[in-house]
Every structure is written in structure tokens, then in C-alpha cells.
């Protein structure tokens, strides 16, 4: 193992300075039971083909089930779904009790009220140190019906809300970033 000039706590603190959205991964274990996990390590990879990625800690209770999952959904949470984020971030006996879901493609549970849902087929997995990186191929997507979507945001170890004041500025026309995420 290579020595680094900082400790894990400082590294984690620096990473926390990057604001992220929050999503709950949902899927089915090999025995047919529902699995779910809160992540903030989620992003797009490719538009053609449509690929996304997320990472899961190898120490996660359901890690082996995620490795075997053939399909899963990424449920992008709204700021009103903070309790769902908390629920799926903890190793509870029954995370699903009282949670409203609908059945997605391939039987995967999808969370009601999510801002967006990306239903994926497992595409690839890669070593990521103490995490494993999962790449999913998006087969179906759903957009929430909120007139003014407000995402759940995580920054510096806390949930945050976007400021509703002021104008949003579009990316420059020569930007390398996709125009409509």
C-alpha cells in the first residue's frame, strides 16, 4: 500500500466539498428479496450507449447480492425524500416496510415519487479499492411529475437544499457537458 500525505478523515472531508445528488439503488437479490441502498456516488458515463455508474462499499451488507443482480434501478431523490435516503443508508432489518413502490421492468422495485428513475441492466463491474464500481446500461427511464423538481443534495456531510432565488445560467454553447441531464 502506498503512503499518502494525508489521512482518510481528511480525504473524506475534501471529497465532501463536492456537492452531489442522492439516489437509492433498488434491485432484487438472487433469492428474489428486495435490496436497496443509498448512494451519492452516481453519475453518467455515456449517452450512446446510455451508461451510468455507481459504487458500493465492499463491506456493505448486501454487497454480494448487488454483484449478482442482473437488473437494478437508480431512483434520484427529491428534497422531500430525505427520510427515504436515511432509511436506505442504514442496515435496517426491513428497509422496505411502508415504502411505496411500483414494479419496474424485470420486476425491480421502483420508488414512488422519485425525480427520475433509470432502470438498468448490469453491464460491467470494476475494482475500486474498498468499493466496487458498477456500470449499468439504461434500458428504461421515468421522469417524476414535479413541475419544479427539487433534488436532494448532499454537501459536507449534510443534506442541503438548492437556493430557489436567482436565475440558473446555462452552460456555454461550446461546453463539453451534455445540455440536458
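Among the residues of region 107-115, is any in contact (Cβ under 8 Å) with a residue 24 or more places away in the chain and closer than 26 Å to residue 8 by Cβ? Break it down stepwise before answering.
Taking region 107-115 first, the residues in contact (Cβ under 8 Å) with a residue 24 or more places away in the chain are 107-111, 113-115.
Adding the requirement that they be closer than 26 Å to residue 8 by Cβ leaves none.
No, the conditions are met nowhere in region 107-115.
Identify the residue in region 51-62 that is crowded, with 16+ Cβ neighbours inside 10 Å and touching a residue at least 40 places away in the same chain (Cβ under 8 Å) and, among all such residues, is nearest to the chain's Cα centre (by Cα).
54
Quick one: in region 121-158, which of the residues that are in a strand (DSSP E or B) and out of contact with any strand residue (DSSP E or B) (no Cβ under 7 Å at 6 or more places or on another chain) is farthest from residue 81 (Cα to Cα)?
The residue in question is 127.
Residue check: is residue 152 within 24 Å of residue 101 (Cβ to Cβ) and modelled with pLDDT of 95 or more? Outline the logic, then answer.
Details: within 24 Å of residue 101 (Cβ to Cβ): yes; modelled with pLDDT of 95 or more: no.
Criteria not met by residue 152.
Against the condition touching a strand residue (DSSP E or B) at 6+ places or on another chain (Cβ under 8 Å), modelled with pLDDT of 90 or more and farther than 21 Å from residue 138 by Cα, how does residue 29 come out, does it pass?
Working: touching a strand residue (DSSP E or B) at 6+ places or on another chain (Cβ under 8 Å): yes; modelled with pLDDT of 90 or more: yes; farther than 21 Å from residue 138 by Cα: no.
No.
Can residue 128 be described as touching a residue at least 40 places away in the same chain (Cβ under 8 Å) and over 22 Å from residue 17 (Cα atoms)?
Values: touching a residue at least 40 places away in the same chain (Cβ under 8 Å): yes; over 22 Å from residue 17 (Cα atoms): no.
Spelling it out, it is not the case that residue 128 is touching a residue at least 40 places away in the same chain (Cβ under 8 Å) and over 22 Å from residue 17 (Cα atoms).
Mind counting the residues in region 7-19 that are assigned to a loop (DSSP other than H, G, I, E, B) and either surrounded by fewer than 10 Cβ atoms within 10 Å (Cβ to Cβ) or at positive phi (or both)?
If we filter region 7-19 for residues that are assigned to a loop (DSSP other than H, G, I, E, B), which is where we start, we get 7, 16-19.
Among the residues that remain, those that are also either surrounded by fewer than 10 Cβ atoms within 10 Å (Cβ to Cβ) or at positive phi (or both) are: 7, 17.
Residues in region 7-19 being assigned to a loop (DSSP other than H, G, I, E, B) and either surrounded by fewer than 10 Cβ atoms within 10 Å (Cβ to Cβ) or at positive phi (or both): 2 in total.
Which of (1) over 26 Å from residue 46 (Cα atoms); (2) touching a strand residue (DSSP E or B) at 6+ places or on another chain (Cβ under 8 Å); (3) modelled with pLDDT under 90 is the odd one out, the single condition residue 90 does not satisfy?
(2)
Would you mention how many residues in region 20-39 are assigned to a loop (DSSP other than H, G, I, E, B) and touching a residue at least 40 places away in the same chain (Cβ under 8 Å)?
Residues of region 20-39 assigned to a loop (DSSP other than H, G, I, E, B): 22, 29-33.
From what is left, the residues that are touching a residue at least 40 places away in the same chain (Cβ under 8 Å) are 22, 29.
Residues in region 20-39 being assigned to a loop (DSSP other than H, G, I, E, B) and touching a residue at least 40 places away in the same chain (Cβ under 8 Å): 2 in total.
Just one of (1) crowded, with 16+ Cβ neighbours inside 10 Å; (2) under 21 Å from residue 144 (Cβ atoms); (3) within 9 Å of the chain's Cα centre (by Cα) trips up residue 78, so point out which.
All conditions are met except number (3).
Among the residues of region 93-113, what is the count of those that are within 13 Å of the chain's Cα centre (by Cα) and either modelled with pLDDT under 95 or farther than 26 Å from residue 161 by Cα (or both)?
0
The values are calculated or read from the model by the stated rules, or taken from the named source; none is laboratory data. As the structure is a prediction and not an experimental result, all values here were calculated from the model. When we count neighbours, we look across all protein chains shown, and the Cβ atoms used for this are built from the backbone with ideal geometry, even at glycine.
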